[in-house]
1. If we keep just the residues of the stretch 65-86 that are touching a residue at least 12 places away in the same chain (Cβ under 8 Å) and among the small types (Gly, Ala, Ser), which is farthest from ALA198 (Cα to Cα)?
2. Quick one: in the stretch 149-174, of everything that is acidic (Asp, Glu) and under 30 Å from THR42 (Cβ atoms), which residue is least open to solvent (accessible area, probe 1.4 Å)?
3. Filtering the stretch 129-148 down to residues that are surrounded by fewer than 22 Cβ atoms within 10 Å (Cβ to Cβ) and aliphatic (A, V, I, L, M), which residue is farthest from the chain's Cα centre (by Cα)?
4. VAL252 passes all but one of (1) within 25 Å of ARG20 (Cβ to Cβ); (2) out of contact with any Ser or Thr (no Cβ under 9 Å at 6 or more places or on another chain); (3) not polar (S, T, N, Q); which number fails?
5. Looking at the stretch 112-123 only, could you name the residues that are outside any strand (DSSP E or B) and either open to solvent by 50 Å² or more (accessible area, probe 1.4 Å) or within 22 Å of ASN155 (Cα to Cα) (or both)?
6. For THR237, work out the one condition from (1) touching a residue at least 40 places away in the same chain (Cβ under 8 Å); (2) open to solvent by 40 Å² or more (accessible area, probe 1.4 Å) it doesn't fulfil.
7. So THR96 fits all but one of (1) part of a loop (DSSP other than H, G, I, E, B); (2) open to solvent by 20 Å² or more (accessible area, probe 1.4 Å); what number is the exception?
8. In the stretch 193-220, how many are open to solvent by 90 Å² or more (accessible area, probe 1.4 Å) and farther than 27 Å from THR152 by Cβ?
Amino acid sequence: MTAEVLDRLAELGVKYLATRTVGVDHIDVAHAHELGLRVCNTGYPPEGVAEFAVMLMLIVLRRYKPTLWRQQVNDYSLGGLEGRELGRLTVGIVGTGRIGQQVARILGGFGSKVLGYDPYLSDAACAAGIEYVPLEELYRRSDVVTLHVPLTEENRGMVDAEAINQMRDGVVLVNVSRGELIDVAAVTSAIEFEKIGALAMDVFADEGGIYHESRVNDIIRNRDMAYLRQFPNVVLTPHMAFYTDTNVNSMVEQGVRGVIAMDEGPGSWASEV
């Protein structure tokens, strides 16, 4: 939804724009407001994404990717596949909103120590078992770092070389938020030099036109994605953490409700942005 697209929508008399997504980084919201277009996003229960994030932690901690590769050629040896137990690790949650809090609740069942960082402190997050610490301390103390923040210009590339250097050797990094939160070159280098022990991402920078499409006969022009995918300790999934029956139904329903609410005026329900 570029400025040009929004201009044309305004010319056609469109007043409201509802996106069936939580993120709005694909919409030029400032320009929409200049045109008088009202914009709302949607939401869904946090359990689906939170469960997926914890699943990714388990997949890389138990070295499932190389295990699966070996089984394809009937190699059932155990060498190099020794894993770690999530309940004995400290997990740092960057972003303690609804999804971050649900991740903490799940990790509590495993027995993990849970640290959290967020500019906005939350009593609900503390009740979920999160111990708030400064970001630098979270990086220093965490065996696993998981990102649950929206993409903004302020946090774009927040996981860069400086941030990685503050992390523990062999840290596990999980990202189910937005690919642009990480500096791909810095993360790739940290994997090559084994500073990062494992990487699991459901999102990737410049994933548009790749994820959610069938590209089986095409040349994929995202070298970073292709290079990272070949590492045995890297798991990339195609932006599907949200994709559950509950969440899809919620997004559709709230998308429609948002348009109605914007039309009904102030005081009506809408996740307006």
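The values are calculated or read from the model by the stated rules, or taken from the named source; none is laboratory data. Computed from a predicted model, the values in this text were never measured in an experiment. Here the Cβ positions follow ideal geometry from the backbone for every residue, glycine too, while neighbour counts run over all protein chains shown. Just the protein is used for accessible areas: all its heavy atoms, side chains included, with ligands, DNA and RNA removed. Shrake-Rupley method; radii C 1.70, N 1.55, O 1.52, S 1.80 Å.
1. First, pick out the residues of the stretch 65-86 that are touching a residue at least 12 places away in the same chain (Cβ under 8 Å): 65-67, 69, 80-86.
So of that shortlist, the ones also among the small types (Gly, Ala, Ser) come out as 80, 83.
Working: GLY80: 14, GLY83: 12 Å.
Among those residues, the one meeting the criterion is GLY80.
2. Taking the stretch 149-174 as the starting set, the residues that turn out to be acidic (Asp, Glu) are 153-154, 160, 162, 169.
Those still in the list that are under 30 Å from THR42 (Cβ atoms) too: 153-154.
Details: GLU153: 132, GLU154: 159 Å².
It comes out as GLU153.
3. The first filter runs over the stretch 129-148 and keeps only residues surrounded by fewer than 22 Cβ atoms within 10 Å (Cβ to Cβ), leaving 129, 131-137, 140-141, 143.
If we keep only those that are aliphatic (A, V, I, L, M) as well, we get 133, 135.
On the way: VAL133: 21, LEU135: 18 Å.
By that ranking, first place goes to VAL133.
4. Result: VAL252 passes all but (2).
5. Going through the stretch 112-123, the residues outside any strand (DSSP E or B) turn out to be 112, 118-123.
Correct list: ASP118, PRO119, TYR120, LEU121, SER122, ASP123.
6. (2)
7. Going through (1) part of a loop (DSSP other than H, G, I, E, B); (2) open to solvent by 20 Å² or more (accessible area, probe 1.4 Å) one by one, THR96 breaks only (2).
8. 6
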